[in-house]
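Nothing in this text is a laboratory measurement; each read-out follows from the coordinates by a stated rule. Source: prediction; values computed, not measured. Quick reminder, even Gly has a Cβ in these numbers, built from the backbone with ideal geometry, and neighbours come from all protein chains shown.
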């Protein structure tokens, strides 16, 4: 079942929200996964506004549209060539940070993904990642 391509469609509402966040500098990059049909008006709007973007096939009937800062799009398009689940730990980390995900959580995710191929001296780093994962309450940082 296809997604509607009119301006009130959920896809375009989310797209407009991403554009707002990009315009306010909240993140340098946004990523949306959608059907090829739903991507057409999104890509058209990106082109008409001169916003850098990269279209990546997620699967035969869906695409990932990455858009935002020209440099961030250029970086991501250099390594986004296969399935996202196949990204290296380093590329996954870069993508997460550029998408504006929590940096501490991205560090934990990176360490966990690296632990699959970690050597014994990395045990202290794994325990650090486990410490962050096990925290039950968010803690505020004193500045």
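Details
This table checks each residue for (1) out of contact with any helix residue (DSSP H, G or I) (no Cβ under 7 Å at 6 or more places or on another chain); (2) closer than 25 Å to residue 108 by Cα; (3) part of a helix (DSSP H, G or I).
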{"position": "16", "(1), (2), (3)": "yes, no, yes"}
{"position": "20", "(1), (2), (3)": "yes, no, yes"}
{"position": "25", "(1), (2), (3)": "yes, yes, no"}
{"position": "44", "(1), (2), (3)": "yes, no, yes"}
{"position": "48", "(1), (2), (3)": "yes, no, yes"}
{"position": "53", "(1), (2), (3)": "no, no, no"}
{"position": "65", "(1), (2), (3)": "no, no, no"}
{"position": "72", "(1), (2), (3)": "no, yes, yes"}
{"position": "91", "(1), (2), (3)": "no, yes, yes"}
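- Any hit, region 77-85, residues being surrounded by 17 or more Cβ atoms within 10 Å (Cβ to Cβ) and in a helix (DSSP H, G or I): no
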